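What follows is a single structure, written as structure tokens, with notes after it.
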Number of protein chains: 2
Amino acid sequence: MKLICTQANFRKAVFNTERVTGKQNTLPILKNIMLETEKGQLKFSATNLEIGVITKIGAKIEKKGKITIPARLLSDFVNNLPNEDKVLLETKNQTLNITSGNYNAQIKGLDAGDFPIIPKLKSNYLFSLAAQKFKEAISRILFCVAINENRPEFSGVNVNFLEDRIILAATDSFRLAEISLKFNRDDISDSYREFITKENSVIVPYNTFSELARAIGNKTKEINVAIEENQIFFEIDGVQVVSRLINGKYPDYKQIIPQKFSTRAVLAREDFLRAVKISNVFADSKSGEINFKLDSKKSSLIIQAQSHESGENKTKLKADIVGPSQEIVLNSRYIIDGANIISSFNIAILVNNESSPVGLKAINDKSGEILEDYVYIVMPIKK
Amino acid sequence: MKLICTQANFRKAVFNTERVTGKQNTLPILKNIMLETEKGQLKFSATNLEIGVITKIGAKIEKKGKITIPARLLSDFVNNLPNEDKVLLETKNQTLNITSGNYNAQIKGLDAGDFPIIPKLKSNYLFSLAAQKFKEAISRILFCVAINENRPEFSGVNVNFLEDRIILAATDSFRLAEISLKFNRDDISDSYREFITKENSVIVPYNTFSELARAIGNKTKEINVAIEENQIFFEIDGVQVVSRLINGKYPDYKQIIPQKFSTRAVLAREDFLRAVKISNVFADSKSGEINFKLDSKKSSLIIQAQSHESGENKTKLKADIVGPSQEIVLNSRYIIDGANIISSFNIAILVNNESSPVGLKAINDKSGEILEDYVYIVMPIKK
């Protein structure tokens, strides 16, 4: 292999691929990035056997070839280089000679023949979504995924395909988040319409969505999505991410989301969040138990925590309460997560009784109506 | 104890004291802050038995008293409070009842009688220094201190007292930094003149200077310094820091600082730093060995590294070299530290021969002269 490319492109390609390289020592080649000439371009590939990333850049190729190079070393070298126009690459045996201006390195590589194959998309992308909208949806769901869960289907996000939208859901059985993303008409292909007649949901691993959110970064383009042979493919701005899907059936979570709530308290989200954070300081560090008292006569929400070691705490907040008074015990950390992820000025706390799930919802700041595109519910702690 | 104070002052006092509380579980009371009424003020004290911090705030005291409260809990509570004017404190048995607006907590404390005594300054402060100047000097010295060193005198900074200035020095025996701070005439007391007739240097623990730098923060006032009975006292903006000194005799480091250098290379500091950082990627991770070749005929500095695992690297930089050509092996990390701490545009690399200490010095960007107030030398690696 012998070629010239721009330093800016080279740097970007290393940045985009290095993150998914393997972190363990069991298979050293997974720590490497594969560089390979392909149809007048230089292709970068990395994989940790679960997720693979591929990106290509333009290059003036003098001699075809391929090699795999330790990602960390390549990235440390490239990121410290001063800005120069060009990078010259040349392989000799299993060594990559890389020169940019006065800076030269010879990096020892491993045989490209030993590099695992990353699945290729055979057909077309099914649909596309605005990247930032997708990234935001991921961030509002992902924190509910149960990591280290014995049931593998819990360790991913359920993606449900409908005619006009997809629904993402995640739960760790203590709380659940669900978000709905509508398609623009132009953003779905005929293949998608055909696809949903056969398949209506898949489970995407936590790490895949987490990596995808990073790959999206602040890119404003559309992201393309395809599903093929138990793999999910994403493409944004020339970077392809491919991941295995999780086998198994996602639990039928719909049944535990209350259809309606008897009591609704509305108050400023920041005040609510602050009071819960303070109570969290005093809550038992294991159970995180805090007590919520919704008093509809006094229009007040009282938040209390108590622990044997530290003492106790009580905050009284004014709230707009409709429905019967309620008292319920919840895990402070789940409530903090929920109140953090909601961005409206006011927040609604929705309760049925002391043993039913509690809902936290955003409020349309102008109309005062509850926003229904995002669902976040928390199971209460039974006393 | 029963009193009212402003929330802003209370918060600031907790912030200033909580950092030095003990981190270990051996003596739980060290994790507490002592609150104590004293002459119409509320005094906050914290200590980890090495360093103590005391600060006072104004308070409207209804009933005198004292109590010790877990610092972390108090700080978490106070920092989450919304801005309110006042904080009300009242103790009942060993519990502190604290109220600010609608927020209330009852925090369990420990008996103030068990709190360790923090040494008090009996005489006067000896001298004062501009706080930011002092903080900067600390930052240019502290990274050379040997932590976990068997010889306790190496685990601190040597402070040498002279008529017109103090000299701070630190070394881990592989590299050494020394900085000189001149007094303004008004900033030294008669007691200081008397003091230096008896004592000419002390060793201040690493943690003390590190904590002091944090206590200074971006305060622009003067810092007062006193030494008494093997303790050093600092005072800035109402916060008092007191620390034990390290017993022992600091090594006579002056003798290893070369009086002059035969070869001097001058080049842009950023280019130099970048090249060393790149070589560091390829250097042996234990020894950090990189090779410097100062070629006075070709006016070039060649920086090279090589390791069995990763490969090798070579960078050629233009440099203004005076004196005979040199070749020397140095630890890349020590050179990176030194080039990072120097802030001038150009840097001077000063060499005598392959087995003598190398100097890194700042250059006066206008005159091109070497600046002598800060000394940084590195021992070479013998081949």
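The values are calculated or read from the model by the stated rules, or taken from the named source; none is laboratory data. Bear in mind the structure is a predicted one, so any value in this text is a computation, not a measurement. Positions of Cβ are generated from backbone atoms using ideal geometry, with glycine treated the same way; all protein chains shown enter the neighbour counts.
Within the option set B:236, B:303, B:278, B:290, being closer than 21 Å to residue B:127 by Cβ, buried (at least 20 other Cβ atoms within 10 Å of the Cβ) and hydrophobic (A, V, I, L, M, F, W, C) holds for one residue only, B:236.
The residues in region A:91-108 that are part of a loop (DSSP other than H, G, I, E, B), within 9 Å of another protein chain (Cβ to nearest Cβ) and within 19 Å of residue A:45 (Cα to Cα) can be counted, and the count is 0. Set side by side, the residues A:140, A:151 differ, and just one is surrounded by fewer than 17 Cβ atoms within 10 Å (Cβ to Cβ) and among the basic types (Lys, Arg), which is A:151. In this structure, is residue A:141 over 14 Å from residue A:209 (Cα atoms), within 18 Å of the chain's Cα centre (by Cα) and of a type outside the set (D, E, K, R)? Against the criterion (over 14 Å from residue A:209 (Cα atoms), within 18 Å of the chain's Cα centre (by Cα) and of a type outside the set (D, E, K, R)), residue A:141 does not qualify.
The set of residues from region B:175-217 being more than 22 Å from residue B:163 (Cα to Cα) and without any contact (Cβ under 8 Å) to a residue 12 or more places away in the chain comprises just one member, B:217. Count of region B:274-312 residues, restricted to those that are at the interface with chain A (Cβ under 9 Å from one of its Cβ atoms), hydrophobic (A, V, I, L, M, F, W, C) and out of contact with any helix residue (DSSP H, G or I) (no Cβ under 6 Å at 6 or more places or on another chain), is 2. Within region A:68-90, the set of residues being more than 12 Å from every other protein chain (Cβ to nearest Cβ), surrounded by 20 or more Cβ atoms within 10 Å (Cβ to Cβ) and not aliphatic (A, V, I, L, M) comprises A:68 only. Could you please find all residues in region B:1-48 being assigned to a helix (DSSP H, G or I), surrounded by fewer than 22 Cβ atoms within 10 Å (Cβ to Cβ) and among the polar types (S, T, N, Q)? Of everything in region B:1-48, those that are assigned to a helix (DSSP H, G or I), surrounded by fewer than 22 Cβ atoms within 10 Å (Cβ to Cβ) and among the polar types (S, T, N, Q) turn out to be B:7, B:9. From the list A:173, A:210, A:180, A:191, the lone residue that is surrounded by fewer than 18 Cβ atoms within 10 Å (Cβ to Cβ) and assigned to a strand (DSSP E or B) is A:180.
Out of contact with any His (no Cβ under 7 Å at 6 or more places or on another chain) and in contact (Cβ under 8 Å) with a residue 60 or more places away in the chain: which single residue out of B:79, B:93, B:102 fits that description? Exactly one of B:79, B:93, B:102 is out of contact with any His (no Cβ under 7 Å at 6 or more places or on another chain) and in contact (Cβ under 8 Å) with a residue 60 or more places away in the chain, namely B:79.
The combined condition, being of a type in the set (A, V, I, L, M, F, W, C), outside any strand (DSSP E or B), touching a helix residue (DSSP H, G or I) at 6+ places or on another chain (Cβ under 8 Å) and over 30 Å from residue B:255 (Cβ atoms), is fulfilled by residue B:73.
Looking only at region B:356-373, how many residues end up being more than 25 Å from residue B:289 (Cα to Cα) and not β-branched (Val, Ile, Thr)? Summing the residues that are more than 25 Å from residue B:289 (Cα to Cα) and not β-branched (Val, Ile, Thr) in region B:356-373 gives 9. Listed by first and then second residue, the pairs linking a residue in region B:1-26 that is closer than 13 Å to residue B:58 by Cα to a residue that is part of a loop (DSSP other than H, G, I, E, B) and at pLDDT 95 or above, with Cβ atoms under 7 Å apart and 6 or more places separating them unless they lie on different chains, are B:3/B:59; B:4/B:59; B:5/B:59.
Total residues in region A:59-88 satisfying the condition of being closer than 22 Å to residue A:39 by Cα and out of contact with any Lys or Arg (no Cβ under 7 Å at 6 or more places or on another chain): the figure is 12. So which of A:211, A:229, A:199, A:235 ends up being at pLDDT 95 or above, assigned by TED's automatic domain parsing to the domain that holds residue A:157 and farther than 30 Å from residue A:326 by Cα? One residue alone meets the criteria, A:235. Which of (1) under 13 Å from residue A:134 (Cα atoms); (2) within 14 Å of the chain's Cα centre (by Cα); (3) in a strand (DSSP E or B) does residue A:215 not meet, given it meets every other one? Answer for residue A:215: the failing condition is (3). If you go through region B:122-160 and pick out every residue that is assigned to a strand (DSSP E or B) and not aliphatic (A, V, I, L, M), you end up with 5.
For residue B:150, are the conditions met, namely being among the polar types (S, T, N, Q), over 30 Å from residue B:195 (Cα atoms), more than 14 Å from chain A (Cβ to nearest Cβ) and more than 20 Å from the chain's Cα centre (by Cα)? For residue B:150, the condition - among the polar types (S, T, N, Q), over 30 Å from residue B:195 (Cα atoms), more than 14 Å from chain A (Cβ to nearest Cβ) and more than 20 Å from the chain's Cα centre (by Cα) - is met.
Filtered by the rule that a residue be hydroxyl-bearing (Ser, Thr, Tyr) and within 11 Å of chain A (Cβ to nearest Cβ), region B:313-336 gives a lone residue, B:315. Among the conditions (1) exposed (fewer than 13 other Cβ atoms within 10 Å of the Cβ); (2) modelled with pLDDT of 95 or more, the only one that residue B:106 does not satisfy is (1). Screening A:165, A:151 for residues that are out of contact with any Phe, Trp or Tyr (no Cβ under 9 Å at 6 or more places or on another chain) and among the charged types (D, E, K, R) leaves exactly one candidate, A:151.
Looking only at residues of region A:109-118 that are assigned to a loop (DSSP other than H, G, I, E, B) and surrounded by 16 or more Cβ atoms within 10 Å (Cβ to Cβ), we find that the one that is farthest from the other protein chains (Cβ to nearest Cβ) is A:118.
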